[in-house]
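These notes concern the structure reproduced below.
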Amino acid sequence: MHLPTRILTAVSLLALVAVAGPAHPSTVLAQGAAAKLDDPTIVAIFDAANTYDMETGSLAVRKGHSRDVRDFGTMLVRDHRNARAQGRELSKSLKVTPTPPRDFALAKAHVAAMKSLRAARGKAFDRAFLQHEVDFHNAVIDAVTNTLLPAIQNAQLKDLVTKVAPAFVAHRDRAQSLLNGLK
């Protein structure tokens, strides 16, 4: 499976894989349906997703071939830093200790993505980075909508995730627009 597909699968099933471990997607779905996510795990996943996009955004600021890609990277860092800070503040006020999943597929996918992006240069970097951002944001949107939001028990946490969800859509749309404009 090529990198964007692996990231898409890992992120869209991140909550399920977090509990079930790596497996074929149908196996993960079957195992994950029986598993229950809790708020500390969801907080950790939310924090990680924001941190990872800050890291890829920072890489784009340094390596982006076009000014648009570097500016987009700057926006990702800023927006995800703010969302992560809000999540951490809420976690602290609720006295919730973020608890990452035992076998965190999202972390493994992020390491692979960063390795691949670090190896790319010039216009190839821009294309790979933007495709990664489209895939990453699509997967996060799917995971938030279909897995994380339904599992959140705390109303304040649900409100925060609901509030920041449109930013994931805006980032995905911007990345797609930039990707479509590449020559």
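What follows is calculated from the coordinates using simple rules that are stated; it is not laboratory data. Computed from a predicted model, the values in this text were never measured in an experiment. Positions of Cβ are generated from backbone atoms using ideal geometry, with glycine treated the same way; all protein chains shown enter the neighbour counts.
Remarks
- Listed by chain and number, the lysines whose C-alpha is less than 25 Å from the C-alpha of Lys183, apart from same-chain residues fewer than 8 away, are Lys63, Lys115, Lys123.
- Candidate lysines for bridging to Lys92, where Cα separation is under 21 Å - those fewer than 8 sequence places away on the same chain excluded: Lys158, Lys163
- Per-peptide average of other Cβ atoms within 10 Å, ordering 126-138, 69-81 highest first: 126-138, 69-81
- Principal semi-axes of the equivalent ellipsoid, √(5λ) from the alpha carbon gyration tensor of the stretch 42-183, are 28, 15, 13 Å from largest down.
- Ranked list, fewest to most other Cβ atoms within 10 Å of each Cβ, for Arg88, Arg67: Arg67, Arg88
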